[in-house]
Each structure stands twice: as structure tokens, then as C-alpha cells.
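Heads up: the structure comes next, in C-alpha cells.
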Amino acid sequence: MAEKSFKYLIVGGGVAAGYAAREFAKQGVEPGELAIISKEAVAPYERPALSKGYLFPEGAARLPGFHVCVGSGGERLLPEWYKEKGIELILSTEIVKADLPANTLVSAAGEKFKYQILIIATGSTVIKLTDFGVQGADAKNIFYLREIDDADKLVEAIKAKKNGKAVIVGGGYIGLELGAALKINNLDVSMVYPEPWCNNFVHLVPRLFTSGIAAFYEGYYADKGINIIKGTVAVGFTSNSNGEVKEVQLKDGRVLEADIVVVGVGGRPITTLFKGQVEEEKGGIKTDAFFKTSVPNVYAVGDVATFPLKLYNELRRVEHVDHARKSAEQAVKAIKGIEKGQTVDEYDYLPYFYSRSFDLAWQFYGDNVGDTVLFGDNNPQSPKPKFGTYWIKDGKVVGAFLEGGTAEENQAIAKVAKLQPKVENLDVLTKEGLPFASKI
């Protein structure tokens, strides 16, 4: 098979790849030097749109509307942009072998790709119920959401099962966003999760939702007519004669009717190709503050990277679009810095997560450890609820969550999480609430 050779090669075609390409163009890249290899058939796009605007019944988001880098307010990079910059997009191409000592990747079709510098941006894959041998989990109309193809299949099912019954398995942020999207499509929605309350980022940010935060979202969703079933799991599915799912069997013995099932029980980083060839830690590929791995000229960014989180002086892996964007830019700055003999600052990341559903929008910054205080109006029936939580450890505020905040208020809680101000009295902090952040 033909062999192609590039100075810079990005494997993975998600958010990180698109932001890396933009940074390469900014720093200066010659035509033919850079290529992106993606399993998907489209240029890099803003993945968060898939669980939000893509599923709306009216005014739905569609490509080319949400190619990177619109998600962060930047220019939209259409396929033509890559052509103009001389960046090769190698789409619908799955890499099945990586030989890092030989600087070579091999595709499923047997094509060889050589590189001088490699950026691993393979992202995550969804955890499937079939991985655990759940009975009937291979039935039709059981969906997972990761790529645009997944979203297209779900949209078709929503149209085909008009006013039908949908079951969401999993209480993470994807589950909450999907529950809202399916309800907006007039489906009868049930959500099933094992925790005593809905709990965002179960795998990577355990217990982000305190019971006080969760009580609001559960109440709000219940008021929207969503049936919330806590403390149990799906243990099996039955199908009709067409092989389509018709029932979800729960561990507590209950059986739910279902025309559509969407599963959101977490993801895992795609690192299999590199096993045994690169140092790993905490489930990801270990990097330094410039996203360099243990292998010379190989970098890892986004979901797959376990990197030094300077603020907390520890190694972490972060699965979130904000980090995917910023880590990709940092790696390219580091690569170009070495070439130009320029120093680059270490990556100094403030963990950040957000979600939007119905008329709600929350943001979280920092670390969710220590004691918590809840402030503001968290009544689900309020016309405009606005509330938040601070996390306090060793007498300092280390994390902050806010629902319904303005851009300025969200910036204020980000500043609090970054600066970690001292706090003497938790009762005073509870009473002061949001103004505490605004005066920092």
C-alpha cells in the first residue's frame, strides 16, 4: 500500500484536532507538513452540540454550523479552510496499529503514515452495556452518543417513534441533557440511575452534584414530566419481533416500556493502540506540562492525557471539551516553541465543566473536595432559579458551582476557584452567597 509522510501528524479528528490545526496555522505551518487522520467522515466539529442543539425538533444544529472553533467564539473551520492552509484531512480512516519506535501508523486498509512529530488526540469511546454482557443490550434502538453518526441515528429514531417512550440509562450530565432533548421532542421520558441522586461526571469528577444541587435538578425534571428512577440499574432488555427494544428490566424488578433507550454510563480513553509503547498513569497517557509523553516527539492531548494539574500539584486526566481545546493549543505552542527556540509557560489549567438543558445552564470551576455550602434560590418552581455551592478545604474556597449565572457572575466564581480565598466561617459564607465571589 502507498505510504504517506508528514512532519506533523494528528491521530483523532475531534475537538482537540481542530484546535491544534488552528494553532499550527497561527504559529506557521507549510503546506503538506500537517495531516489529521480521523475515523469520522467529517472535519473536526464541536462535539457538545450532539447532546444539545443537534437533537432539537426545531432550529436544530447541523454541520457546517458547528465545526470547530465556533464553540469558543472562534472562526468556523470548514473543510475548505484546511485546504487553503495546506493541511491534509484524511477522513473515514481508522488507525489499527501504531509503531512509535518506527514513527509509523497503519490504517485498517493497510495504508502507512510516517511522521516526525505525532499528536495523540484519540479522545474517548463510550462504555457500552454489551461490554458487561447485559442481556438484550444489542437490541435495535438502544443508542449511545459520541459521534455525529450516533446522533443521526438517534434523530431518525425520534422521528420514527413520535410521542413514544424513551428511557435514559445513566444520571451523568449527558443523561440530563439527553433527557431534556427527548422531552422537548414530546417523548415520554424516564431516567434510571444507580446513585441516590443524579450525579454528574460519575467517573472523572465524582460527586460533583451534592444532594442540595441534585434535589433542584430532580425537582425541575419531575416538574417537566420526566420520570426519575433512582437507586437501581438496567439489567436486561426485551425486543419485539423486529429486534427493536420494547422493555427495560430493572434490578429492583420493575419493567419499563421503551421505544428508544439512550445509554450514558461514561466513557474510557482510547489508548489501546499505544499500550506498552508509552508510559501510562491514571487510565491515560502520562505527559508533562507541555503534553509531551515518555516517547520523544510524541504528544498526547485531551481525554487521553494524564497531565500535571499545577493548581493542585497532582496528575489528573480531564474529560471535557474545554481541556481538549486548551491542551491541544498548549501542545502545538510547545512543539513550535522548541523549533523557534522560545520558552512556553507550563500548562496551568483551572478545571471547568458546564451543562445546558431546558432553560437551565450551570458552570463549575475548581475542585469538588472538602465541606460544601449551598446558597441562593434552588427552588425548582422558581421562575428564574439562581443558586450555587462553594467547596471549602483547609479553610480555603477551592471550588464553585453556579446555576443561572450571568457571564460576569460565572467569571467571578472562576476567579474564586483560581485564587482560593480564605474563609473563616461557613455560615457567613452561606449567607453571603454569590456576592462573596463578586467582591474577590
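The values are calculated or read from the model by the stated rules, or taken from the named source; none is laboratory data. None of the values given here were measured: they were computed from a predicted structure. So basically every Cβ, Gly included, is an ideal-geometry build from the backbone, and we count neighbours across all protein chains shown. Each accessible area value is taken on the protein alone, full model and side chains, heavy atoms only, with ligands, DNA and RNA left out. Shrake-Rupley method; radii C 1.70, N 1.55, O 1.52, S 1.80 Å.
Tabulated data for the structure shown
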item: Kirkwood-Stokes translational diffusion coefficient of segment 87-153, alpha-carbon pairs, 10 °C, 1.306 mPa s, µm²/s; result: 106
item: Prolate/oblate/rounded call for segment 360-440, Cα gyration tensor, a/c under 1.5 rounded; result: prolate
item: Mean separation of Cα contacts under 8 Å, 6 or more apart, over the residue count of the chain: relative contact order %; result: 14
item: Interchain or long-range residues, amide H under 5 Å from Leu315's placed H; result: Leu309
item: Estimated FRET transfer efficiency when R0 is 45 angstrom, pair Asp252-Ala109 (beta carbons, to 0.05); result: 0.40
item: Amide H contacts of Gly236 (H built 1.01 Å from N, under 5 Å, at least 5 apart or other chain); result: Gln249
item: Neighbour cut-off at most 13 other Cβ (10 Å), DSSP loop, GluC sites (Glu not before Pro), segment 43-118; result: Glu58, Glu75, Glu94
item: Over segment 274-402, relative contact order from alpha-carbon pairs under 8 Å, at least 6 apart, %; result: 15
item: Value at 222 nm in deg cm²/dmol, rounded to 500, when DSSP H runs of n ≥ 4 in the chain each add -39,500 (n - 2.57); result: -7000 deg cm²/dmol
item: Accessible carbon and sulfur surface of the chain relative to its total accessible area, %, 1.4 Å; result: 48
item: Principal axis dimensions, segment 1-158 - Cα atoms, whole angstrom, descending; result: 46, 38, 22
item: Normalised convex hull volume, segment 230-311, alpha-carbon set, Å³ per residue; result: 170
item: Theoretical gain in end-to-end length, Phe132 to Ser239 [0.36 nm per residue, Cα-Cα removed]; result: 36.7 nm
item: Whole-number accessible area per residue in Å² for the chain, which is evaluated in the context of all protein chains at 1.4 Å; result: 43
item: Of the DSSP H helices in the chain, those whose Cα atoms cover at least 15 Å axially and whose Kyte score averages 0.5 or more; result: 173-184
item: Karplus-derived 3J(HN,Hα), 6.51/-1.76/1.60, for each residue of segment 51-58, Hz, glycine and proline x; result: 9, 10, x, 4, 9, 5, x, 10
item: Solvent-accessible area of Ile148 with every protein chain in place, 1.4 Å probe, in Å² to the nearest 10; result: 20
